[in-house]
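Trainee: This structure is in structure tokens; I'll ask about it shortly.
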Amino acid sequence: MQKLGEFKLPHFFNYPPYFTLQPVRATREKQVQLWKDLILDYCRTQKIFVVGVDEEFPLFSNPAIERSLSHEAREAFLSALVSEGRAEWMDKGHKNCLILWYRIQDWADIVVQFARDNGLEDGVVTIEELRSGTESQGTELHGIDRTILNRALKLLEQKGKLVIFKGTSADDEGVKFSL
Amino acid sequence: MAGHCLPAVELTGSGRPVLLPNEIECYLLSSVDLLSEDDPSNSFPHLKSGILILTTHRLLWLLDSTTATGSSAFAIPLGAISYVFTPKKSLKSMFASPRIRFQLSLSSDGRVSASGSISRSVVVTIVIRGKGDSDVFLSKFLESWRSRAWELQSEPSSSSGSGSNTSSSGMFSSDGTLRMVGVSGILRKEQESWENTDRSLQEAFQDLNALMSKAKEMVILAEKMRLKLLASSNSQTNETNDEEMGSKEEMQDWLLSVGIISPVTKESAGALYHQQLSRQLADFVKIPLERVGGMINLIDIYCLFNRARGTELISPDDLLQACMLWEKFDVPVLLRKFDSGVMVIQNKSHSDEEVFVKIRMLVLKPDALRAGISASDAARTLGVAPAMAKEHLLTAESKGLLCRDISPDGFRFYINLFPDINQDDMYLVKDNGNYASWVRASHARG
């Protein structure tokens, strides 16, 4: 079976019609479903948060069968993820897509769990520390996309579980938990 | 209808009368009654509201109905008409339906007879209730009746055998010309026949009118040439090279497609034009349809049909209208429009299922599983033109049998595996089914 780095590709990745947007409705629905699942699976295991429509993305082409997705097809599959709430367009031109293999609510739960695990119920931590500090090493939060993290923290702030405060620069933005 | 004196007319599958050799339709009228007012034995039927077709040989009366049964068409040979009455112009006739009366000879057994024992006659009235022009009809009727085309009928066949009067012997044949024997005789005869052919060709091309009058001879000539070609290609297969054979076959094809003897025209059919054209077309397409496997492009039929009609060309619009009318008649063919807009004529019995079975067999072959099929692959298997094959493939795709692959290599079709792929476990391949055979085939590549 073909592999993409560590990622095991399904058989149908070598099926040429998989790379052509199918015009018949029933066929297309199934094709879109398979693409959505594959993109989410791949991004989760490879910790990819942003997919650029026109940039190199390993899934969007298959050199083994010399097929790659057209711009239209890429946008169609990503839009299908967006409409399901599993992705968000980062700009109006639909150039970059934020992939939410965990929803924002799930990310917020992970942040709360992280704070509890590290005794930070009333503590203070910078946002950069959450993403790349020693405590976050080996957790899901490690290397999280800044946009997604901010969104999760904002959600928690609305619920009164923490307060975001601004530092002198973007780097020292921090949060004070009050769980 | 006991004691029926009129012979029935055979109808084609689409409800057009089968014409005699060399018989040509001259005029058509709708909503016509035929009746006899002074027939004591009531042997003449009262025929109500049908289509009357005037040909060079007969008057044909057809029941004007789409559910016509076999026994609803009758013929009156023009030869049996002994007199045509000129209608009197009167004030009354201005308002009533036009009537034309003629005298019809009957034999002693009460049947219509053109010759021989005429025992009595009846006066038959044609009542024209429809819109047709009765004056034009009458003049054409008289013209056909007086030109006695049915008597010329047997002449061409006897003239084709001229010069072979086997009953006479000696140096002179019965018609007084010098009779040649031996090789020189054969050569002479050959020479004469060439000269004749040459002359009729020259005369034919002098002007269009001459061509029209020569048309019948040309058809006979064409048939003769075809037979000759056929005979010589059979006997000399070893000597002729391929190129010659090719051109001969082509020639045969051309000669074969000479010939709708009596094309339906606007002039002759008037208001009934499209309806009659439609029926004639339905009869015509039968043979080309058989040859190409039950489905043919509308454009191809347009070319074939007009070639067969010779000088009486029809417009593409007329063809389309004629095809559209098929829905209303009981004909064995139908017009079909593909999603792409391509229009074809197909047999009603032609089923997509049969085509799909063939496509499925083709696309499940290991090579096709791996690399898909193109329209030309399908064309070879189905025995149709690539453009037509593509329509079949697109139809199969819309039914979910195939799916497409567009790449720099072109537009190809694969068996649709999407339904076979497990949505919950994308790595799962069921042991049986198309997905498994595809996996095997694609692995065989290496």
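The values are calculated or read from the model by the stated rules, or taken from the named source; none is laboratory data. Owing to the predicted nature of the structure, the values given are computational and were not obtained by experimental measurement. Because the Cβ atoms are built from the backbone with ideal geometry, glycine has one as well, and the counts that use them run over all protein chains shown. Remember, those area values only see protein heavy atoms, side chains included, never the ligands or the DNA or RNA. Shrake-Rupley method; radii C 1.70, N 1.55, O 1.52, S 1.80 Å.
Trainee: Select from the stretch A:84-179 those trypsin sites (Lys or Arg not before Pro) which occupy a DSSP coil region and have at most 14 other Cβ atoms within 10 Å, ordered by residue number. Display every interim value, and only then the final one.
Mentor: Values: sites: A:Arg86, A:Lys92, A:Lys95, A:Arg103, A:Arg116, A:Arg131, A:Arg146, A:Arg151, A:Lys154, A:Lys159, A:Lys161, A:Lys166, A:Lys176; in loops: A:Arg86, A:Lys92, A:Lys95, A:Arg103, A:Lys159, A:Lys161, A:Lys166.
Sparse-neighbourhood loop trypsin sites (Lys or Arg not before Pro): A:Lys92, A:Lys95, A:Arg103, A:Lys159, A:Lys166.
Trainee: In deg cm²/dmol and to the nearest 500, what is the mean residue ellipticity at 222 nm of chain A if only DSSP H runs of at least 4 residues count, each as -39500 (n - 2.57), divided by the residue total?
Mentor: Details: 5 runs with 68 residues, N = 179.
Taken over chain A, the calculation gives -12000 deg cm²/dmol.
Trainee: Taking each residue of A:64-72 in turn, how many C-beta atoms of other protein chains fall within 10 Å of its C-beta, and what is the average? The partial results should precede the final answer.
Mentor: Details: counts 2, 6, 3, 5, 1, 0, 1, 0, 0.
That average works out to 2.
Trainee: When chain A is modelled as a GNM with alpha-carbon springs shorter than 10 Å, which of A:Asp54, A:Asp91, A:Asp145 fluctuates the most?
Mentor: Among A:Asp54, A:Asp91, A:Asp145, the largest GNM mean-square fluctuation belongs to A:Asp91.
Trainee: As a test question: what accessible area, to the nearest 10 Å², does B:Lys328 have when a 1.4 Å probe is rolled over all protein chains in place?
Mentor: 140 Å²
Trainee: Which aspartates and glutamates, on any chain, are close to A:Lys166 with Cα under 17 Å apart, when same-chain ones fewer than 8 places away are left out?
Mentor: Hits, sequence-local ones excluded: A:Glu128, A:Glu129, A:Glu157.
Trainee: Sticking with this one: What do you reckon, how do B:His350, A:His142 stack up by accessible area (1.4 Å probe), largest on top? Working shown, then result.
Mentor: Working: B:His350 35, A:His142 60 Å².
Largest to smallest exposure gives the sequence A:His142, B:His350.
Trainee: What residues qualify as long-range amide H neighbours of B:Arg101, i.e. H under 5 Å apart, gap of 5 or more or another chain, H built at 1.01 Å from N?
Mentor: For B:Arg101, whose amide H was placed from the backbone, the distant partners under 5 Å are B:Phe85, B:Ile126.
Trainee: Among the lysines, select those whose C-alpha is under 30 Å from the C-alpha of B:Lys189, and discard any that sit fewer than 8 residues away in the same chain.
Mentor: Qualifying lysines at Cα under 30 Å: B:Lys214, B:Lys216, B:Lys224, B:Lys228, B:Lys248.
Trainee: Peptide A:8-14: average number of partner chain Cβ atoms within 10 Å per residue? Mind showing how you got there, number by number?
Mentor: Details: counts 2, 2, 7, 12, 10, 1, 6.
Across A:8-14, the average partner-chain Cβ count within 10 Å equals 6.
Trainee: Moving on to the next point. Ordering B:Cys5, B:Cys303 by how much accessible area each has at a 1.4 Å probe, largest first, what is the list?
Mentor: Details: B:Cys5 0, B:Cys303 80 Å².
Of B:Cys5, B:Cys303, the descending order of accessible area is B:Cys303, B:Cys5.
Trainee: Would you mind checking the pairs A:Lys95/B:Lys399; B:Lys365/B:Lys399; A:Lys36/B:Lys399; A:Lys30/B:Lys390; A:Lys47/B:Lys399 and listing those with alpha carbons more than 28 angstrom apart? Display every interim value, and only then the final one.
Mentor: Numbers: A:Lys95/B:Lys399 35 Å; B:Lys365/B:Lys399 20 Å; A:Lys36/B:Lys399 24 Å; A:Lys30/B:Lys390 24 Å; A:Lys47/B:Lys399 39 Å.
With Cα atoms farther than 28 Å apart: A:Lys95/B:Lys399; A:Lys47/B:Lys399.
Trainee: Near the amide H of B:Thr55, under 5 Å away, which other amide H atoms are found, from residues 5 or more places off or on another chain, if H is placed in the peptide plane?
Mentor: So B:Thr55 has HN proximity to B:Cys26, B:Leu60.
Trainee: Let me ask something else about it. Once the whole set of protein chains is in place, how much accessible area is left on B:Leu28, using a 1.4 Å probe, in Å² to the nearest 10?
Mentor: 10 Å²
Trainee: May I ask you to list the lysines whose Cα is less than 26 Å away from that of B:Lys88, ignoring any residue fewer than eight positions away on the same chain?
Mentor: B:Lys48, B:Lys131, B:Lys140
Trainee: OK, next. How many partner chain Cβ atoms sit within 10 Å of a residue's Cβ in peptide B:408-418, on average, as a whole number? All intermediate terms of the calculation are to be shown ahead of the outcome.
Mentor: Working: counts 2, 3, 0, 1, 3, 1, 5, 2, 6, 7, 14.
Counting Cβ atoms of other protein chains within 10 Å of each residue's Cβ and averaging gives 4.
Trainee: If you don't mind, another one. Provide the per residue accessible area, probe 1.4 Å, for the stretch B:278-323, rounded to a whole number of square angstrom.
Mentor: Numbers: 2080 Å² over 46 residues.
The answer is 45 Å² per residue.
Trainee: Right, next: Within the stretch B:268-347, what whole-number % of the accessible surface is contributed by carbon and sulfur, with the 1.4 Å probe and all protein chains included in the calculation? Mind dumping the intermediate values first?
Mentor: Values: 2050 of 3690 Å².
Solvent-exposed carbon and sulfur of the stretch B:268-347 make up 55 percent of the total.
Trainee: Once phi is turned into ³J(HN,Hα) by the Karplus curve 6.51 cos²θ - 1.76 cosθ + 1.60 with θ = phi - 60°, what whole-Hz value does each residue of the stretch B:285-302 show in order, with x for glycine and proline?
Mentor: Result, rounded to whole Hz: 5, 3, 5, x, 5, 4, 5, 9, x, x, 8, 9, 5, 4, 5, 4, 5, 4.
Trainee: If you don't mind, another one. For the B and A pair, go ahead and give the buried accessible area with a 1.4 Å probe, both sides summed, in Å² to 100.
Mentor: Working: alone 25990 and 9840 Å², together 33510 Å².
Roughly 2300 Å² of accessible surface disappears when B and A pair.
Trainee: Counting only protein heavy atoms and using a 1.4 Å probe, what share of the accessible area of the stretch A:83-179 belongs to carbon plus sulfur, as a whole percent? Can you show the working numbers first?
Mentor: Details: 2530 of 5210 Å².
Carbon and sulfur atoms account for 49 percent of the accessible area of the stretch A:83-179.
Trainee: Using the heavy atoms of the protein chains alone and a 1.4 angstrom probe, what is the accessible area of the stretch B:337-446 per residue in square angstrom? Walk me through the numbers before you get to the answer.
Mentor: Details: 5620 Å² over 110 residues.
So the stretch B:337-446 comes to 51 Å² accessible per residue, rounded to a whole number.
Trainee: Distance between Cα centroids, the stretch B:357-389 to the stretch A:107-179: provide it in whole Å.
Mentor: Centre-to-centre distance over Cα atoms comes out at 60 Å.
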